Each structure stands twice: as structure tokens, then as C-alpha cells.
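**Q** Shown below is the structure under consideration.
The values are calculated or read from the model by the stated rules, or taken from the named source; none is laboratory data. Just so you know, these numbers come straight off a predicted model, no measurement behind them. Glycine also receives a Cβ, built like all others from the backbone with ideal geometry; neighbour counts cover every protein chain displayed.
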Amino acid sequence: MSLMKPLLTGTLLSLLPVSVLADPALIFDIGGKFDKSFNESAYRGAERWKAETGGSYKELDIRSEAQREDALRQLAQISANPIVMTGFAFGEVLNKIAPDYPQTKFVIIDTTVDQPNVQSVTFAEQEGSYLAGVLAARASKSGTVGFIGGMDVPLIHKFECGYAQGVKATDPEAEVLINYTGTTAAAWNDPVKGGELVRAQISKGADVVYAAAGATGIGVLDTAAKEGILSIGVDSNQNHLHPGQVLTSVVKAVDESVYLAFKAGVEVEPGMKLMDLASGGVSLAMDENNRDLITEEMTAAVEAATQAIVSGAIQVHDYSTDDTCPVE
Amino acid sequence: MERMPKWADLILTPLISLLLAFGLSALVILAIGESPAEALKVMVTGSLGSSYGWGYTLYYTTNFIFTGLAVAIAYHAGLFNIGGEGQAAMGGLGVTLVILALPWPHWTLALPAAMAGAALFGALWALIPAWLQARRGSHIVITTIMFNFIAAAILNYLLVNVMRPVGSMDPASASFPAATHLPRLSDLALAFGITWGKNTPANITFLIALAACFAVWLLIWRSRIGYEIRAFGRSEPAALYAGISPSRIIVATMLISGALAGLMAINNVMGGGERLILNAPEGAGFIGIAVALMGRNHPLGVILAALLFGFLYQGGGQLALWTSIPRELIVVIQALVILLTGALDNMVRMPLERAFAALSRNRG
């Protein structure tokens, strides 16, 4: 890599503060930093670390597939450590380049990479979604609940399948309507289409809808509030968007995992790290905004389900293990 | 109006347009409180300042040469092929099917077959719009745009439901076996004892792209069908009078155009990613339109324009990585270049023509 040197000494170091050595770094997936969802949650975690420690970190926004490798190599070259990246799409590239930089620790969120210097953080989205399904089935008066996904990819089926299992476990007669916003990346950012899908589901009788659709979900929550039905948010706590009309949010602690990785610094532990209900990696958001919507029996049902999942009495099927869902 | 010397037409005009575009971009960068000089430095050193940067620049250039040629050849027949994006995506599907279907022992065997697959799928994807244009008069601009979306939806379906290895979260095909990996340009350089562009995705497809440029030049200016394409593009009634069948020319041209766009997949799917991912062309099909416009639909011009856009793409990427200039601004810079070199071409050309006319009058 001697060829990198002119480039690095020529421009990069002149742009970056000298203290960059051993600073952590965060790379956002192509969606960009402010996607109101996944990347933004990672950004919040990094900012929290910055506010608490006064440290600095390097953040990168990539623009193309080929830049994944470019960004990782260049960060490793300037000794950023650890390097945290959001999104399963980095998996293939990281697996290839991690052995080239044994001194650097990498943290990848949402997929597993089996290398000695990589920490893989995955979330048990199906468990949080299961609880959301339990709540939805209890809150529904019509016996029909809806699910609106973003882009039709396996990760979102994992949400959908967990949700459906929670609904069916609570009310075997309940019907789950399922719609996806689209087949291209634009589906993550189409609030208007999200709203249309909500109206379509309402016309079929749905009175609770769960959105796992990135920024499209904002439109789902808006329309549900306007039409007077309940909605369920995702990734971040979205209860405050429409107080009293968002039943709950399935929170994925992406911010927490970035924060912990930054805090551990070069000592970050390689290996698999599962963020599930038991570890608090996924949870339902309960706050003053949805307090009036949650009855005592709902709280009891969620607590019972939580304990059963944590103890292993209930096994929530993970769609991504075999690409099938037992309840559909 | 008198004509300018050829060098002024082909080099001076785009150069002045380019300088204007950079000047305007500098003002925009100043307006958001960043230093244009620093930005330019990052762009140039990041893309042309080292063999590492060149490795990426040439990788993007290769993509743009193929899509640029695809648009250029269609343009000679008076057809505006906006479907390069979808044709390149389908080309990627062709490459992937060919490579994953058989246990190829060596890349030299896999490459011709993959090229055939890429060209075939790209060409077939252009065939339906071409046929609709030739037989039903459905405008090719509209149909090719719509086919981009259909291609995206088909690929999404196949990658999510059919080609994705079980247990993988990533909507992508399985990785290609190591035997089918194309040699990188850095490997070639190493064979000659030169350390160049290590760890960059530029691969031998770049040489294939240059060969394709020569082939397209031969086709357009030195072949019978090329003559027919140009004649048809200039005037359909004249071509008809000369016994050239319009529907045959439309279909043939679009097949060649689609095949060229499809061949881009050799670079980004087989050479770069070594597996098929969603949205693999990443807009190269659309950049090809700008490349063809700026290159005046001549293969040599396409190479130069592709190199410029390769530089903008890689340099812009470095800006996004290493400065706080937001990435949206890089799109603004690229748009200004397209606007001034493509759409507002006459703004520079007409004053220049007048200046040259005045000059030659003065001389006598």
C-alpha cells in the first residue's frame, strides 16, 4: 500500500486534525446520514459518545458500491480505530479486507462477518416485532391489522414475520394485511405511497398498522393519525410524532451499539453480538405519548410474552434463517 | 456562418464550457462557506493524483465508455436511447447467469461467454422498445425509460426471491468463483514489474472498452450498415427512397446499442463486484447520455468525456468522503458540467464561431 502514501499525506492529513490517529470512524450506508431511521440512529449514538467524552470521530457518507472498499481501506490507512459501519451491504467487502488490517477493529451492524478483528452486531427484529403484534392484536377492534414494509428485502420480511407471529399467537382468527411499498431503493423514501397503502388497508378493515419502511413510515403514521386508526413506528421511538395515536414503536438500539463500540475504542470485542429482547437491543417504546393507549391487560400480555421469549418458552421464528414464515 | 476549425469545434468549445462549469461550481462552494481551491485539490489528488485514484477513475470511465457508446450509436440513427440503465442491469443478469451456470475453469473461457450473455441480455432488453418504435410508432424515449423500471423490478424479484443464497440478508447473487475473477489492471502492471493501482477495481474490461470504441468507429464509418444508420438518422424519407428499411435499421441499431450498454456489466458485475447486486449500474446508464452528448457521438469523444466523468465521479466521491461538502453538492457540480457542455452548448459555440469568423475576415 505504499501507493496510498502520496494521496494520504498530500490531502487527507492536511484536511484532518492531527488527533485523527486512533479516533473512531463511522461509515453510513448509501441511504445517507439523515434517513430518519437506521443511519440516523447510528449517528445519534456517535454524537452521544462525542458529547459525553468530548472526543472526535470521522464520519463518511458513501455514494457508490465501489466506494465501500475504498472508504474502508482509506480509513484503515489513517489508523481510524474502531471503524463502525451500518448496513448488511458492507458484509461482503469487509470479509475481504478485514484480514489486510489486523490491527484495526471493525464493527458491522445488521449482518455477521466471521473475522478475528470484526464485531458483528445483529438485532432480533423478529422479537420486537412479535411484541408489537401482541399489542396490535389486543388494540384492534376489527380483528384486522396491517403491515407496511419498505423495499421488498429479506430484512423487512423478518419484521413482518415476527409481527404476524405475535398477532396470531394473541388472536388466531386475526387477519394480517401485508403490503410492500416497492422494489427499488426509492421505496424507503416514499411517504405518499405509504399513506396510500394505509388507506387501502383501512378499506379492508385494518385498524392498526405497523410500518417498517424507513422514511416511508412517516407517511404511514401521518395517514393513520389522520384517518383515526392506530399505528406502530419502527427503529427509533416515533411515539411523539402523533401523541396518543401511535400505539408504540419497535426500537432497535443501533445508537446504543455504535455508542458502546466507540466507548470501547480499540478494545472493542470481536465476535458476534446479538441485540435481542433479553439484552435490551430491541424493545417497545413506552412513554407519556402512548400511555393512554396501553391498557393494563396489554402491559401484562407484553410482559408475559417478553418473559416467555427471554426464557425460551416462546421461540419467535427468524425469517432470515430459512426464508419462510410459519404463520403465512 | 463560416465554420470554425475542427480543433476549436471539438476541443476548445467543450473546454471553455467545462471551465465555465467549474467556475460556477466554485461560486456555489464559496457560497456554502467552503474553499473551492481545497475542494479542487481533493478532487484532483483523489482521482488523478495517485495510481490508486486512477484505478478508481478508470473503473468508472470503463462503465461510462460502454453506456456512452450505446447512446452515441443510437443517436446516429436519430434514436434517443434512455434505457442504458435497464439494459446494463439486464446485462448484469446475463453475466451472472452465465457465470453461475457452469463451473468455469479459467477466466479466459468465462469472459467470452459472459460477454455474450451481457450483450445478449442488453440487446434483448432494447429489442422490445425498438420493435414498438419500428412497428407501432411508440416513442423510444418513453418506452426505454419505462423499461428501466421494469428491469429494476425484475432484478429485485430475482435477487430477493430466486438468486439470493439462503440465509443471506443481502439481496445479491452468490459470489462468483475465484476462477472467473478478471485480472485487475494492477495485476497486469505487476506482471511488467510495476506497482500500480493496488486494490483498485479497474480491470481488463477497460481494454475491452477501448476495443469497443474502435469497433463502433469501424461500424459507423466503415461499414454498410453504419452508412445506412447514418443515412436513416439524417433523413428518414431519403433513407426510405434509397431502399433502406426503417424498421430494420431501428431494430438493428437498438440491438447494437443495448448490447453495448449490457457489456458494461463485464466491468461492474464481473470485474468489480464479482457478484450481482441490486441497482448495479448505479446511474451509469444515464451518465452515458451526457458522455455521448459531450463526446459529440464520436467514439474518441466518448473516451475523453467518459474520462472526464470518471474523474468527476471519483473526485466527487472523494469530496464526499473527506470534506464536509455535502454530497448533494457533487451532484450539483456534475449537473453544471452536463448543463453547460450538453444543453447550453451553443452559448459558448456561437460567440466562438463569430470570433473565428471575424478572425478569418481580418486575415483576408
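**Q** Filter segment A:109-153 for residues that are more than 14 Å from chain B (Cβ to nearest Cβ) and of a type in the set (Gly, Ala, Ser) and give the result. Show your work before the answer.
**A** Residues of segment A:109-153 more than 14 Å from chain B (Cβ to nearest Cβ): A:115-119, A:127-148.
Hits for segment A:109-153 are A:Gly128, A:Ser129, A:Ala132, A:Gly133, A:Ala136, A:Ala137, A:Ala139, A:Ser140, A:Ser142, A:Gly143, A:Gly146.
**Q** Right, something else. How many residues are closer than 17 Å to B:Leu18 by Cα and among the aromatic types (Phe, Trp, Tyr) when one looks only at segment B:313-353?
**A** Here the count works out to 1.
**Q** Pick from segment A:167-202 the residues that are in a loop (DSSP other than H, G, I, E, B) and under 21 Å from the mean Cα position of the chain (by Cα): which of them is nearest to A:Pro326 (Cα to Cα)?
**A** Of the residues in segment A:167-202, the ones in a loop (DSSP other than H, G, I, E, B) are A:171-174, A:183-184, A:190.
Subset that is under 21 Å from the mean Cα position of the chain (by Cα): A:183-184, A:190.
Details: A:Thr183: 24, A:Thr184: 27, A:Asp190: 30 Å.
Top of the filtered list is A:Thr183.
**Q** Got a sec? Which of B:Ala174, B:Ala114, B:Ala118, B:Ala110 is within 14 Å of chain A (Cβ to nearest Cβ) and either among the small types (Gly, Ala, Ser) or out of contact with any Cys (no Cβ under 8 Å at 6 or more places or on another chain) (or both)? Explain how you work it out, then say what you get.
**A** On the way: B:Ala114 fails: within 14 Å of chain A (Cβ to nearest Cβ); B:Ala118 fails: within 14 Å of chain A (Cβ to nearest Cβ); B:Ala110 fails: within 14 Å of chain A (Cβ to nearest Cβ).
Matching residue, one of B:Ala174, B:Ala114, B:Ala118, B:Ala110: B:Ala174.
Okay, residues lined up against (1) modelled with pLDDT of 90 or more; (2) under 18 Å from A:Val258 (Cβ atoms); (3) surrounded by fewer than 24 Cβ atoms within 10 Å (Cβ to Cβ):
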site	(1), (2), (3)
A:Gln74	no, no, yes
A:Phe90	yes, yes, no
A:Tyr101	yes, no, yes
A:Thr104	yes, yes, yes
A:Leu135	yes, no, no
A:Ser142	yes, no, yes
A:Gly146	yes, no, no
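**Q** Could I ask something else about it? Return the total of residues in segment A:209-235 being surrounded by fewer than 20 Cβ atoms within 10 Å (Cβ to Cβ) and under 21 Å from A:Gly280 (Cα atoms). Break it down stepwise before answering.
**A** Residues of segment A:209-235 surrounded by fewer than 20 Cβ atoms within 10 Å (Cβ to Cβ): A:215, A:222, A:225-228.
With under 21 Å from A:Gly280 (Cα atoms) added as a condition, the list becomes none.
Residues in segment A:209-235 being surrounded by fewer than 20 Cβ atoms within 10 Å (Cβ to Cβ) and under 21 Å from A:Gly280 (Cα atoms): 0 in total.
**Q** Still on this structure, please answer the following. Would you please name the residue that is nearest to the other protein chains (Cβ to nearest Cβ), looking only at residues in segment B:177-218 that are over 24 Å from the mean Cα position of the chain (by Cα) and hydrophobic (A, V, I, L, M, F, W, C)?
**A** Among them, the one singled out is B:Trp196.
**Q** Those residues that are surrounded by fewer than 20 Cβ atoms within 10 Å (Cβ to Cβ) and assigned to a helix (DSSP H, G or I), I need them from segment A:44-72; list them, please.
**A** Hits for segment A:44-72 are A:Arg44, A:Glu47, A:Arg48, A:Lys50, A:Ala51, A:Glu52, A:Thr53.
**Q** Looking only at segment A:268-322, filter to residues that are in a loop (DSSP other than H, G, I, E, B) and among the acidic types (Asp, Glu); which one of those is surrounded by the most Cβ atoms within 10 Å (Cβ to Cβ)? Spell out how you get there, then give the answer.
**A** Our first condition is that a residue be in a loop (DSSP other than H, G, I, E, B); within segment A:268-322, this holds for A:268-270, A:276-281, A:285-290, A:294-295, A:312-318.
Okay, now just the ones that are also among the acidic types (Asp, Glu), so A:269, A:276, A:287-288, A:318.
Working: A:Glu269: 11, A:Asp276: 19, A:Asp287: 12, A:Glu288: 10, A:Asp318: 16.
Step by step, filter segment A:268-322, then rank; the result is A:Asp276.
**Q** Being outside any loop (DSSP other than H, G, I, E, B) and among the aliphatic types (A, V, I, L, M) is the filter here; which residues of segment A:93-118 pass it?
**A** Going residue by residue through segment A:93-118, those that are outside any loop (DSSP other than H, G, I, E, B) are A:93-100, A:106-109, A:118.
Listed by number, the residues that qualify are A:Val93, A:Leu94, A:Ile97, A:Ala98, A:Val107, A:Ile108, A:Ile109, A:Val118.
**Q** Filter segment A:44-67 down to residues that are free of Cβ contacts under 8 Å to residues at least 40 places away in the same chain and in contact with a strand residue (DSSP E or B) (Cβ under 8 Å, 6 or more places away or on another chain) and give me whichever is nearest to A:Val258 (Cα to Cα).
**A** Per the stated criteria, the residue is A:Glu59.
**Q** From the list B:Ala116, B:Ala70, B:Ala88, which one is modelled with pLDDT of 95 or more, within 28 Å of B:Gly226 (Cα to Cα) and surrounded by fewer than 20 Cβ atoms within 10 Å (Cβ to Cβ)?
**A** Working: B:Ala70 fails: surrounded by fewer than 20 Cβ atoms within 10 Å (Cβ to Cβ); B:Ala88 fails: surrounded by fewer than 20 Cβ atoms within 10 Å (Cβ to Cβ).
Sole residue among the options that is modelled with pLDDT of 95 or more, within 28 Å of B:Gly226 (Cα to Cα) and surrounded by fewer than 20 Cβ atoms within 10 Å (Cβ to Cβ): B:Ala116.
**Q** Which of the numbered conditions does A:Ile97 fail, given that it passes all the others? Conditions: (1) more than 14 Å from every other protein chain (Cβ to nearest Cβ); (2) in contact with a Lys or Arg (Cβ under 9 Å, 6 or more places away or on another chain).
**A** (1)
**Q** Another one. What residue, of B:Leu48, B:Leu102, B:Leu58, is under 20 Å from B:Arg184 (Cβ atoms) and at pLDDT below 95? Don't jump to the end; show me each part of the working.
**A** Working: B:Leu102 fails: under 20 Å from B:Arg184 (Cβ atoms); B:Leu58 fails: at pLDDT below 95.
Result of the check over B:Leu48, B:Leu102, B:Leu58: B:Leu48.
**Q** What are the residue pairs meeting all of these: first residue in segment B:333-348, first residue part of a helix (DSSP H, G or I), second residue at pLDDT below 75, Cβ atoms under 7 Å, and 6 or more apart or on different chains?
**A** Once the first residue is part of a helix (DSSP H, G or I) and sits in segment B:333-348, no partner that is at pLDDT below 75 comes close enough.
**Q** A follow-up question, please. Quick check on B:Leu276: is it more than 10 Å from chain A (Cβ to nearest Cβ), surrounded by fewer than 24 Cβ atoms within 10 Å (Cβ to Cβ), in contact (Cβ under 8 Å) with a residue 12 or more places away in the chain and not basic (Lys, Arg)?
**A** Details: more than 10 Å from chain A (Cβ to nearest Cβ): yes; surrounded by fewer than 24 Cβ atoms within 10 Å (Cβ to Cβ): no; in contact (Cβ under 8 Å) with a residue 12 or more places away in the chain: yes; not basic (Lys, Arg): yes.
No; evaluated as a whole, the condition is false for this residue.
**Q** Let me ask something else about it. Exactly one of these conditions fails for B:Ile325: (1) part of a helix (DSSP H, G or I); (2) touching an Asp or Glu at 6+ places or on another chain (Cβ under 7 Å). Give me its number.
**A** (1)
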